[in-house]
Amino acid sequence: MKLTERQTGIIKKTFLDYQQTSAFLDNPLILKNAKGLYYWDTDGKRYFDAIGGIFVASLGHCHPRVVEALKCQLDKMTFAPPLHGIADITLDFIEKLGSVSPGDLKYVKPYSGGSESIESAMKFVRQYFKQTGHTGKYKFISRYFGYHGSTFGAMSASGTGKRKTKFEPNMAGFLKVFPPNYWRDRFSSWEQCNRFSAEMFEDVIINEDPETVAGVIIEPIGNTGGIITPTDEYFQIIRNICDRHNVILIYDEVITGFGKTGNMFAAQTFGVIPDIICSGKGLSSGTIPMGAMIANESMADAFFGDVEDDVQFAHGNTYAGNPLACAVGIAVIDEIVEKQLDKKAQRLGKYLFEKLETLKKYGVVREVRGKGILLGVELVKDTKTNSSFPELGKMLKKTALKNGLIMRIDPSWFAVAPALIAEKSDIDEMFELIDKSLKDAIQAVK
Ligand SMILES: Cc1ncc(COP(=O)(O)O)c(C=O)c1O
């Protein structure tokens, strides 16, 4: 699209997330409307949204049930003061989210986004250990290539080098191990590689001294690393390690939550339940900022005491549990449950996976991976050497937009996660655009 002078001028007075203004101005996108699976830009051009905005619009844009729930709440109450009250709709939301969360993860605190949820979980874990006699446990182990948010704690837990080094020193007590993808060429089987990668957590815990380690934080499917999809066993090994050393296991399900992987949470997809789930994005289908921390009830017990005990969680956010957000969250969960959209993601995801596999005919696709409808495609120069080919991904960003397609494109991979409302014919339409955009990009760079 071509920007007007006014649009260009205003763009120069702000910044876009994690991208340079000149790069954006080179390949701009200014959106005006959205409905279902589509966006429209200010020129009226339509785009297929293959990624729900950015893993957010789980039910598509402006879903009628969600919009109606928001409108209804707008007429009743838009704010309740968290310091001296709670909205009745917030109670309904807490109960609802607890009812669809796995295992005994029933202790729910709503927030305004993913970073807030992660930040809260880490503080919750540190205070939990202070109140249960393990005052030296404060360190967190997470993974390189992981992303957990933009605030200082969440950033310190993140393993995306370039997004952190500009702000160093990051917070103390944050350690990293590599995810399985990093080691895969050194092992003859993916299973072995996963075992090795999972066992690394124990090596680090032991060498740091278990009495100093509070938690392990992982995205079940790592987006920023290129839809890193470990084996089920990987999670079981980490679960056992955490249990052995009294370490809290936190899943960052900001992307993987709410149906995309084929179940309400990826914890259910991989069959291993953590102590805490952090969520965001798809919880509101992009209708309003929202996130939530969902903790194990037995951890929550440490925060209940007599009135004079001073064991309350020393944490709060003005907009946490906002009534408008809670009304939206209830509508999203109800829609997923009633229409069994998580099961639909399994069926459609299988169909989409097979289609993406056919892209291997171009000789630049190393692997298709993911679970349910959350899938990624790794791009390489050729499949003999598997050497990286960032020029292709950069070109794909341009050809996709030109062809009216929005995906998450990293130079070395691209990801799709269409809204759960998509039908087979929508997947066909989306795939045609992906196929054409990749073909155009290959032609342009080869
Ligand atoms: C896995 C993951 N965790 C946490 C976050 C932070 O969420 P938010 O941007 O809503 O603060 C993100 C955002 O992209 C994410 O992808």
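The values are calculated or read from the model by the stated rules, or taken from the named source; none is laboratory data. As the structure is a prediction and not an experimental result, all values here were calculated from the model. For neighbour counting, all protein chains shown are included, and Cβ atoms are generated from backbone atoms with ideal geometry for every residue, glycine included. When the accessible area is computed, the model is the full protein with side chains, heavy atoms only, and any ligands, DNA or RNA have been set aside. Shrake-Rupley method; radii C 1.70, N 1.55, O 1.52, S 1.80 Å.
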>> Residues to consider are ILE11, ILE54, ILE94; find the one that is at pLDDT 95 or above and more than 28 Å from ALA345 (Cβ to Cβ).
In response: ILE11
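Condition check ((1) within 16 Å of the ligand (Cβ to nearest atom); (2) more than 14 Å from VAL56 (Cα to Cα)) across all residues:
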position: GLY282; (1), (2): yes, no
position: GLY286; (1), (2): yes, no
position: MET293; (1), (2): yes, yes
position: ALA302; (1), (2): no, yes
position: ASP309; (1), (2): no, yes
position: PHE313; (1), (2): no, yes
position: CYS326; (1), (2): no, yes
position: ILE333; (1), (2): no, no
>> Tell me whether the stretch 38-48 contains one or more residues that are modelled with pLDDT under 95, among the small types (Gly, Ala, Ser) and surrounded by fewer than 16 Cβ atoms within 10 Å (Cβ to Cβ).
In response: no
> How many residues, within the stretch 137-166, are away from the ligand (no atom under 15 Å from the Cβ), at pLDDT 95 or above and either open to solvent by 50 Å² or more (accessible area, probe 1.4 Å) or of a type in the set (Val, Ile, Thr) (or both)?
Replying inline: 2
> Any idea which residue in the stretch 254-270 is nearest to the ligand (Cβ to nearest atom), counting only those that are under 18 Å from ARG369 (Cβ atoms), open to solvent by less than 10 Å² (accessible area, probe 1.4 Å) and not in a loop (DSSP other than H, G, I, E, B)?
Replying inline: ALA266
> Counting only residues that are among the polar types (S, T, N, Q) and out of contact with any helix residue (DSSP H, G or I) (no Cβ under 8 Å at 6 or more places or on another chain), which one in the stretch 3-55 is nearest to the ligand (Cβ to nearest atom)?
Replying inline: GLN19
>> On the basis of being buried (at least 24 other Cβ atoms within 10 Å of the Cβ) and farther than 22 Å from GLY149 by Cα, does TYR251 make the cut?
In response: no
> Does ILE421 meet the test of being crowded, with 17+ Cβ neighbours inside 10 Å, part of a loop (DSSP other than H, G, I, E, B) and touching a Gly at 6+ places or on another chain (Cβ under 7 Å)?
Replying inline: yes
> What are the residues in the stretch 365-405 that are of a type in the set (S, T, N, Q) and in contact with a helix residue (DSSP H, G or I) (Cβ under 6 Å, 6 or more places away or on another chain), if any?
Replying inline: THR399, ASN403
> For the stretch 271-287, how many residues meet the condition of being assigned to a loop (DSSP other than H, G, I, E, B), β-branched (Val, Ile, Thr) and open to solvent by less than 10 Å² (accessible area, probe 1.4 Å)?
Replying inline: 1
